[in-house]
Amino acid sequence: MIDSKPKYARARDLTLGQAGAIWLRELQPKFLLLHLFGWVGYRVYLLGQGDWGWLDLVPVALLLALHPFAEWIIHVFILHHRPRQVLGLRWDYHAARMHRLHHRDPWDLRFVLMPLPIMVLGLALGAVVFWLLAPTAGVWATTMIATAGIAAYYEWIHFLTHTSYRPKGRIYERQWRLHRLHHFKNERYWMGVTRHLGDLVLGTFPDRANVKTSKTARTLGLLDPPAGEDA
């Protein structure tokens with residue numbers, strides 16, 4: 001877990017290279033990149049065996065189309081899940097609890113990256129499902145390359161928006177601006193992080209001028225123990 005206090009949590013005027021160095025020293029990015037390169041190597045091997053064709057384009061197109069909606073669903077129903085009592089027991093997600101800590105202090109980099117066990121479990125489950133659906137090993141490998149690439153891109157952009165690095169390009173500036181609106185304007189909107197088609201289609205992409213500043217953007221309406229006491 002990132003030791004963000006006091007060196008990194010509020011590091012000022014980071015360059016892109018400095019932000020990248022901080023990101024790459026953590027286990028989650030290392031795992032994602034190794035995962036990605038491993039699948040690329042396997043796909044190259046299968047190409048040498050003659051396993052390739054137009055079907056490889058199908059999962060890539062589907063994943064790119066579904067990705068913004070997956071971001072929206074995970075953010076709304078898992079990360080913003082509210083604890084509830086089920087049969088007398090408290091039902092909560094570890095990811096949701098970490099996300100509430102993330103909202104309480106968006107500059108604390110310890111709570112920016114996805115927890116490694118959840119990341120490993122999610123990619124492993126995806127690999128099993130895609131293996132069952134893929135018509136060939138090559139299509140399976142291509143699907144996993146796209147999955148790993150999307151996951152790495154998401155983690156990088158989300159991490160970057162919570163550093164002091166300032167946007168230099170139009171695409172990243174939009175991602176940076178909309179994600180900060182989610183954290184500091186109103187937590188009910190702008191649920192996408194890297195793409196916002198889900199917000200546009202599902203009604204969470206309002207004109208910021210028509211949105212009241214929320215009093216619960218930092219707490220999500222709940223209070224968890226401070227980080228380190230029971231985190």
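Bear in mind that the values in this text are calculations on the coordinates, not laboratory data. Everything numeric in this text was worked out from a predicted model, so none of it was measured. Note: ideal-geometry Cβ built from the backbone for every residue, glycine included; neighbour counts use all protein chains shown.
By the combined test of axial Cα extent (at least 15 Å) and Kyte-Doolittle hydropathy (mean at least 1.6), the qualifying DSSP H helices of the chain come to 57-74, 116-133.
The simple spin-label model puts a point 7 Å past each Cα toward its Cβ; for ALA124 and GLN85 those points are separated by 3.4 nm. Under the simplified labelling scheme, the LEU34-TRP131 pair shows an inter-label distance of 1.9 nm, with each label point 7 Å from Cα along Cα→Cβ.
Just to verify a number: FRET efficiency for ARG208 and ALA21, C-beta to C-beta distance, R0 = 25 Å, to 0.05? All intermediate terms of the calculation are to be shown ahead of the outcome.
Values: r = 33 Å, r/R0 = 1.32.
Computed FRET efficiency for ARG208 and ALA21 comes out at 0.15.
Sorted on the mean count of surrounding Cβ atoms within 10 Å across their residues, most packed first, peptides 86-92, 53-59, 140-146 read 140-146, 53-59, 86-92.
Under the 0.36 nm per residue contour assumption, what length would be gained going from the current alpha-carbon distance of TRP54 and LYS168 to full extension? Please report the intermediate quantities before stating the final value.
Values: separation 114, 0.36 × 114 = 41.04 nm, distance 3.62 nm.
Taking TRP54 through LYS168 to full extension adds about 37.4 nm, to one decimal.
Let me spell out the model: positive unit charges on the Cβ of Lys and Arg, negative unit charges on the Cβ of Asp and Glu, origin at the Cα centre of the chain. What dipole size does that give, in debye rounded to 20? All intermediate terms of the calculation are to be shown ahead of the outcome.
Details: 27 positive and 17 negative charges, 190 e Å.
The calculated dipole for the chain is roughly 920 debye.
Could you work out the local net charge near THR147, counting Lys and Arg as +1, Asp and Glu as -1, over the other residues with Cβ closer than 14 Å to its Cβ? Residues near THR147 contribute -2 overall. By the count of neighbouring beta-carbon atoms within 10 Å, fewest first, GLU26, GLU173 end up ordered GLU173, GLU26. Which of SER164, LEU132, PRO115 sits closest to the plus end of the dipole of the range 97-169, meaning its Cα is farthest towards the positive end, when Lys and Arg get +1 and Asp and Glu get -1 on the C-beta? Of the listed residues, the answer is SER164.
The label point for ASP13 and the one for HIS94, both projected 7 Å from the Cα toward the Cβ, are 4.0 nm apart.
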